[in-house]
Every structure is written in C-alpha cells, then in structure tokens.
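To keep things clear, I will list the structure first and then write my remarks on it.
Every read-out reported here was derived from the displayed coordinates using simple, explicitly stated rules and does not represent laboratory data. For clarity, every value in this text was computed on a predicted model and none was experimentally measured. Positions of Cβ are backbone-derived with ideal geometry, glycine not excepted, and every protein chain shown enters the neighbour counts.
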Amino acid sequence: MMLEFFFTRGLRALATLLLIVTITFVVLRLSGDPAINILGLDASDEAIREFRRSWGLDQSIWVQYVRYLQAVIEGNLGRSMLDGRSAVDAVIERLPATLSIMVPGFVLQLVVGIPAGILSALRRNTWLDRLVMTSSVVCFTMPGFVFALLLVMVFAVTLHWLPSGGAGTLAHLVLPVLTMGFFGAATLARFTRSAVVDVLGQPHIRAATLRGIPRRRIVLLHVVPNAALPVVTIIGLMLGGLVAGAVITESVFSWPGIGRLLVTSVASRDLAVVQTILLMVGTAMVLANFCVDLAYGFLDPRLRHGQGNSANKG
Amino acid sequence: MPSFLEVQGLTKHFSVRSGAGLFSPRIPLKAVDDVSFSLKKGETLGVVGESGCGKSTTGRLVLGMMAPTHGSILLDGTAVHTRHDAVWRAQRQRMQMVYQDPVSFLDRRLPVGRQVMEPLTVHSIGSSVAERREKAEALFSVVGLRPDQFASYPHELSGGQRQRVILARALVLDPELLVCDEPVSALDVSVGAQVVNLLKDVQLSRGLTYLFISHDLKIVRQVADRVIVMYLGRIVEEAATQELFQQPVHPYTRALMSAVPSLKPHPQRRLSIQGSPPNPMQVPNGCVFHPRCPRASKLCQTERPELRNIAANRSVACHHPEDTTVSSPRKLETI
Amino acid sequence: MALVASTRSRSTWQRVTRSPPSIVLAFVWIAIMVVIAVTANHLAPYDTAATDLGARLRPPVFMSGGDWNHILGTDQLGRDTFSRLVLSVRASMTIAIISTFIAAAIGIVLGFVAAHSRGRLEQIILMLIDAQAAIPFMIVALAVLAFFGNSLVLFTVLLGFYGWERIARLCRGLALSASEQGYTIAVRDIGASPVRVYAMHILPNVASSLIVAMTLNLPEVILLETSLSFLGLGVQPPLSSLGNMVGAARDYMERAPWLVLAPSAVIMFTALAISIIGDWFRDLTDPAGESAR
Ligand SMILES: Nc1ncnc2c1ncn2[C@@H]1O[C@H](COP(=O)(O)OP(=O)(O)OP(=O)(O)O)[C@@H](O)[C@H]1O
Ligand code: SF4
Ligand SMILES: [Mg+2]
C-alpha cells in the first residue's frame, strides 16, 4: 500500500517536472527567436549560429524538444545577457543569499505560526484566540511589501536601529527574515488552529478528557500527532509562498538573492536567467511536494497500516 | 397483435472493484441477467423484486440509457439505440421515464413550468416559446396541476404535485412508452393512490404502454396486466397479475406476498424470507434463490432452473414450483 | 420540505441582521471603493498627469504644512495624491475583477470538461492543475512578463490565470457530484446536450460555491497585482495602480511617508473587507462549514 502510494506520487512528480519543462519550451518557442531571446540582440552572428546548431534550431520541432530536454538535464541553459556568464552559474551564485533569509524565515514561520495556532485552539474564544485570529487575518490581507516597508519605517527610518537594506552584517538579516517569517505565519496559525479544533472535537479525545488524563498529556500525545497530518500538507503549499516572499523581500531590502535577480532579469528581459530560475523553482517545488507526500505517507495511519485508498483519488 | 416492446436475453454486467484498494481487481456484477419479456401496446407490465435486484437497471436499459452487455430490445420492430447520438435523441420522443424521487429529479433552481417545457426546447418542438408554453400548460391541466403553479419552484410544491410535474415532463413529448420507476414509493399512501389513478387515466386517454417498476405488490396488483418477479437480476416468475396473486408458484414470490398481510393468499403463519439478503457480487451456484429457499433440494444447489412455461402465459424458474393444480398451498406450513 | 426551506431562509436572514460590525464595515468599505471606482473621473480634483514642481511632496491636510488644496498631499512631481489614489483604486479594482472572472471562466470550463470527459482528458487537466499549484504563481507571472513583455491587456489576462486551478478543482468536484444527482440524470435522459446540462442546470446549482470561491480569489488577485506593480513589473506608468504608487513613493519614505501609507492602507482595507465578506458568504451558504479552505 505504502509502496504503491510512493510509486504513484513519484511518477506524478516526474510527470509534473516534465510538464513544467515542456511548458517552458513551448513558451520559449512562442516568444520569438530563442537564439536572440537567450543570447540577446547584440550577440555576434557566430554565437547565434553556434547556438542554433547546438540547440538544433534548424531541425524539426521534436528534435529541438529533445535537444532542449538534454540541455536542461545538462544544466546548459544559455548565458546571461548582462555579463555573458552561464545563467546557471549566475543563479547558483545567488542561492546562499536567498537561503540565508529563507531558511530562518521558514523556521520563524513554524516557531510562530504553529504554537500560535495550537494555543489559539486550546484557548478557544478567549482574548488570546481573538488576538491571534485577528492578527492572522490582518497579516493575511497585508501585502508583503507593505509589511516590509512598515518595518523599514519603524526600525530603520524612525528608530535607526537597523539598516534599511543591503547585506553584509547580521543586522542586515533581521528585517528580511522578519518579513519572510510574516509571509507564512498567519496562514499557518489559522490552519493549525482549525486542525487542532477538529481533533479536539473527536470522540476519542473527549473520552480521554473524561477519563481524567491530564490535559498536557492529551495535547502532547493525542492532539498534536493527529493535527500534524493536515498541517504538514499546508506546509508543502507554504513553500510556494516562501519563494514568492523571497522575490518581494529581496526587492525591498536590496538583498542580493535569487528573487531580486529574477526581478531585475525580468525588467531587462534576460531570458536565459529567467528560464533558469523558473526551472529551478519548479524542480524545487516538485521535490518539496514529493517530500511532503512522503511525510504524509508516514503520518497517515491509514496508509501506514495498509488500509484506505487515499492514493486512489483522481 | 405483434408485441410493441420485445426484450430478448437482456444482460447487463457492471464492472466493480472487489475491494477498496487501488489494485483490487474489477469483477463483473450481473445487475441484469438474461431477462426476456414482451409487451403489447397499451399494456402494463409490472416489475417487482427486492431492492438491488436490477429493476431500475432493466428500466434504463429498455430506454436505451445505457448499452446492454448482451441482448436485444425492439421497440415497435426497431432496435433501441444506445449510442447517445441523433437517433438516440429522436428516440426520447417515443419513450420516457417517470422517476422515483420527485425531490431530487427536479432542478430546484428552475420554475417547474420551465422544466416541463425543457424537453420541447431540447427537441426544438414548437416554433415559439409561447407555443411551447401553451403545450406545457395544457399538460399541467392533464396531470391536475393549477396553471398558477407554472412559475412555482419545486420546494413550493407538495410531494404529489412534484410527482405530477415529473409526469408532465415525461408526457410533454407525447411518448408511447413510459418506464415508471417506483413512481409513488416516495409518497404517502393516499397521495400515492391518487398518482396511481392519474397514471391509469392518462394511460387510457393516451394509449400509453407502461413498464411499471415497484416493490409495492399492492400497487402493482392495481395497475399491472402482467407481472414479472425479479431476483438477483433474473426473472423468477412471470404471470398475468390475476393469476400471480391468486396462485404464486415460485417460493420467492410466495415469500414476497406473505410479507404483505393483506395479500396472503390464505390465512397462515407469516413466512418470512430466510437468510441474508442477496449480494449481487456473489451470485450463488445453482438456483440463485437456494440459500434462502424453504424448498431447496440438492438439485437446487447445483443446477440452475430455466424459466419455463408451466401454463399458457405463465412461466417460472424453479425446480420445485408450487403445484398450480393443488388449490391450497398447505405444504408450506409443514416446512 | 417547504417548511425546511422557510426555516433555513429565516436563519439566513437572522445571520444577516445579527452579523457583527466587522461585516457591516466591510460592506461599507467595499461600497465606497465601488463608488470611487465608478465615479473616479468626476471625483478626482486634479488631472493626475499634471505635475506641479512648485508643490512637491506637500503633506496631507491633517499634518502641519498641509492644506485643503491637496487633501492627501502631493508626490515627488507635485501630482495630487488623492486624485492618483482615486484612479488607482479604479485601475486595481477593475483589473482584479476582470482577472477573477477570467480565472472563473477558465476554471469552470476546464473543471466541467474534466468532470464530463473522464479518462485521458481528465488526467491531462488534473496534471495541469497540479503543475499550476506546484509552482508559485508569482514566478510564473514574472516569467511570462519576461518572455512576452508587458501591456495592460496581457497583464490582466495573466492575472486571470491566478487561482483558475482552485476553481477548476472545485468545479470538477461539484460537477462530479451534481452529475450523479437526479435532476441532471433527468435532463440527460430527456436528450439534452452536455452543454445544456452543464450551463443551464449544473452551473446554476453550484453557483453559490463558485461565487464564494471567486470572492475569496479577489483579494489575492489584488495583492498579486499590487505586488507586481510595486516591483515595477505590473501596471506601467503613466497609468497608476495602488501598487506602483507605493513603489514610486518608496524612495521618499523618510520625507513623505504618507505617500507609502495611503495606498498601502487602501490595499489592505480592500483585501481585508473582501475576505471578510467572502468568509461570511461562505458561512452563509455552507452552514456546516464543510468546505474548509
Ligand atoms: N452504474 C452502476 N455501476 C455499478 N453497479 C451498479 C450501477 N447501477 C446499478 N448497479 C448495481 O446493480 C444492481 C441493481 O441495481 P438497480 O438499481 O437496478 O436495482 P433496483 O432493483 O432498482 O433496486 P431499488 O429497488 O433499490 O431501486 C445493484 O446491486 C447496484 O448496486
Ligand atoms: S429451484 Fe429450488 S431453490 Fe430455487 S426457488 Fe425453486 S425450490 Fe427454491
Ligand atoms: Mg431502483
């Protein structure tokens, strides 16, 4: 059962990857001459000829497609128009900067969102619950750039505690990480709350309460494990928000990461770089979702014990 | 007189999963198994049997709503079309269905008048909306609905009125054959009786032929000229209504009737059907009824009884049918 | 049944009259925004293109140095902030609404086609849905803008792809269950075409869930549009949107914070109000709260 589940999910992940690459290929072909798009208008004739030959642009569309797949697998995605370097190198060079705000930001989301959601559920209809839910709704509808600019206004412009942008010291990290944390904590809190509320309403939890088992024990041993399943699912979806968040955050704080590179590349239509980032994000997301599926498989008792058929749904 | 509807060897297998798993094998479910009957114009054939015995499936097959696995259906000499194409659509004008549940078979977001007009719109009958409306309104009076109810929504009508709307929608195309699938089982007894009377009236005035499906033997006795009794997808007994109710010969038919107090052929101890209700995915060998049959013998466990004639217009599928010549079926009591 | 219907509608009415002030406020805010969007041309006291270099970065009326000539002050080119805000509200609202309708149209068609076709076509549509859900839409949007350039029409259509996959999934589910209900079986049995069944019967019956989904999609489109415009990749000057107003004002944050705060507040309140209304509407149509988001 479990193997079957992982197998279908793995296949699905592969299919999605292929679909993403294919769509990129189609878009690239639709948007004009890929040689000029990738190399830039001022590329030398020789470079363009070389490019056409290596990508098989003089051959049938199927050959081109296969060549494109090859190029993607080899990581040969063209050169940046700006400095003529390999697009893949240019993107990978920015990866550490992005991860250095993404990872702490993600941790912050978990550390803030999950406990806030659990507390809010356990103290339902108290002022604490209302506070958490109201702030989560407000955060949910506040654009990330507004939050980031508010942080800048308070901590950089008014208080002069922290720099308003750039990178280098640890102090530079604080505001971007706070912004990233903000992006998912609200969703997570809201979702965790409803998951925990659901579990609390289940008969076996109520029975445990009636039997006089201490509340903390019930929460730790019964409620949290049961609520983990839906929460893991939403965490997978949140990774997408994290990537989008990086784009905004890095732009506001002039952070030298992939998100800002993407924005500048889009503005200057540096397609080789945009394409590389698109494929990398796509791959990362598909992998992340696959990992979430795995986690889900381990957490879902129906799959673990080989009954039920949630792998069977459309 | 040649028969109007001729059904030969009708069989429908559904392929269903034997378990809940992704790879659990699909096995065939014989919802209808080798069913044959014929119907004259203007006649009513009752179909009775327990829930799940394949009555509705038979009805839908007859209308060509789905393709049978085997068998043929001839309406007035031409084969009923099952592919949903132009021929199939044209065929809708000759035969229609009256549904069991008047609540769910009406669109709750549309006024009922519009729903009665809809078949005319679908089949482009009538040149204008006004003409269609006129025709639909005429049917409202035929089925006994007030003209002002034309604009009502289904939830504003009573159950009996909704069933009348469904009947009006079925009649608006002037069909010749109606398959009535438990048309009154969702209604109160008195309301149901009114609808049954209405069905009989329209049948007379319009010369309709009915395939009347029901598990209510009393109603079948009222409306049907002949009756077939189904069990696990097969016909176990067929007879004229009169004869069947006076002298049921198949043990299953007898059990069905003894379950209805006023229908007991003779005052006697109540004979309930023994054993568990049938599972159509595990059809027993031999006679399909043998696990529950009080008269079952060794032969019944191995040999499937064929449907055979035992008298004029009367057939039964049983190795040991009740003897029609013995007037009192006392033997049962000793079992 | 009639009894059930009437008690249900009474409780619905009670929900409306007893709804908390937040919902009333949300409705009032949206009403104001709609009025502004519709009457923007008459409401704006100044031509938004008119620069007045003599009156740059004027503060709003309630701050020292402000006056009633420019209620919300002026920007770095001396343009009237209030006028620009009014036109931005119109631009942002119009784009968001059109985009949401596009998303709904795509989602409804693909969802229904998936539900109707089954088999391979359904698998392909489901895969597209999965692929769309797997990649953050902002990345896709940026890539498309890079490949195809930017124009208002393209941008609106692009935003119209936001959320289509959720609506498609919803529509597929609703259509699958609706197509097993008696009323659709009956209409099919009459001989009605699939288009008729879906457009005339299933769509009206699932409309309330759809409207909820569209309402909840709307604030997210607004946030996306303003974010992209803030990055300078969405609505392009001279047309102003709430996002590009914030983006342009960013460099003057120290001297003129109101230039950032005013459009930001409008974005937030609008998104908040629409989500509140959407949640309320969902609770209204789905009292059991089954369709958790
Ligand atoms: N589309 C289908 N797919 C699979 N199995 C089906 C399908 N339709 C009917 N069946 C099965 O076929 C058998 C006969 O069903 P049918 O609806 O004809 O019974 P019925 O006699 O009308 O019962 P009832 O009195 O409850 O209406 C049942 O076991 C049912 O589960
Ligand atoms: S054939 Fe045998 S088992 Fe079947 S009904 Fe007749 S007596 Fe009973
Ligand atoms: Mg039935």
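For this structure, a couple of remarks:
- Placing dummy labels 7 Å off each Cα toward the beta-carbon, the span from residue A:169 to residue B:189 is 9.2 nm.
- DSSP H segments from chain C that extend 15 Å or more along their own axis, Cα-based, with Kyte-Doolittle mean of -1.0 or above: C:2-17, C:21-43, C:81-117, C:119-134, C:137-148, C:164-178, C:203-230, C:257-285
- Cβ-Cβ distance of residue A:60 and residue B:67, R₀ of 35 Å, FRET efficiency by 1/(1 + (r/R0)^6): the value works out to about 0.25.
- Per-pair calculated FRET efficiency, R0 = 41 Å: residue C:236 and residue A:74 via Cβ, rounded to 0.05: 0.65
- Contour minus Cα-Cα distance for residue B:27 and residue B:320 (0.36 nm per residue): 102.3 nm
- Ordered from longest to shortest, the equivalent ellipsoid semi-axes for the protein assembly as shown are 66, 32, 30 Å, each the square root of 5 times a Cα gyration tensor eigenvalue.
- Angle in degrees between helix A:224-252 and the longest Cα principal axis of chain A, rounded to the nearest 10: 40
- Amide N proximity, the range C:162-199 versus residue B:88 label position 7 Å along Cα-to-Cβ, cut-off under 17 Å: C:179-180, C:184-198
- Chain A - percent relative contact order, Cα under 8 Å, separation 6 or more: 27
- Centroid-to-centroid separation of the range C:107-146 and the range A:85-146 [C-alpha atoms, Å]: 27
- Within 10 Å of each Cβ in C:265-273, the average number of Cβ atoms from other chains: 3
- Gap separating the Cα centres of the range A:188-239 and the range B:105-182, nearest whole Å: 52
- Projected label points at residue A:125 and residue A:99, each 7 Å from Cα along the beta carbon direction, are separated by 4.8 nanometres.
- Sequence of A:119, A:30 once ranked by neighbouring C-beta atoms within 10 Å, starting from the fewest: A:30, A:119
- The stretch between residue A:8 and residue A:210, if pulled fully straight at 0.36 nm per residue, gains 68.5 nm over its current Cα-Cα span.
- Inter-label distance for residue A:202 and residue C:255, nm, one decimal - labels placed 7 Å from Cα along Cα-to-Cβ: 6.1
- Annotation: the residues B:302, B:121, B:44, sorted from fewest to most other C-beta atoms within 10 Å of their own C-beta, follow the order B:302, B:121, B:44.
- Shielding by partners, peptide A:192-199 (average Cβ within 10 angstrom, other chains): 1
- Cross-link partners for residue B:200 among the aspartates and glutamates, with Cα-Cα distance under 17 Å and sequence neighbours closer than 8 places in the same chain left out: B:43, B:174, B:176, B:181, B:182, B:216, B:225.
- When Rg and the Kirkwood Rh are both derived from Cα coordinates, the Rg/Rh ratio for the range A:186-238 amounts to 1.04.
- Chymotrypsin sites (Phe, Trp or Tyr not before Pro) within the range A:102-177: DSSP coil, no more than 12 neighbouring Cβ in 10 Å: A:161
- Chain B: angle of helix B:189-206 to the longest principal axis, Cα-based, in degrees nearest 10: 70
- Helix B:112-122 axis, angle to chain B major axis (alpha carbon atoms, nearest 10°): 90
- Neighbour counts of C-beta atoms inside 10 Å place B:182, A:46, A:93 in the sequence A:46, A:93, B:182, starting with the fewest.
- Taking 17 Å as the cut-off, the amide N atoms of the range C:224-260 that come nearer than this to a point 7 Å along the Cα-to-beta-carbon line of residue C:51 belong to C:237-240, C:245, C:248-252.
- At an R0 of 60 angstrom, the distance between the Cβ atoms of residue C:35 and residue C:120 translates into a FRET efficiency of 0.75.
- Rounded to the nearest 500, the helix-only mean residue ellipticity at 222 nm of chain A stands at -25000 deg cm²/dmol, with each DSSP H run of n ≥ 4 adding -39,500 (n - 2.57).
- Backbone N under 18 Å from the residue A:50 label point (7 Å along Cα→Cβ), restricted to the range A:59-95: A:71, A:75-90
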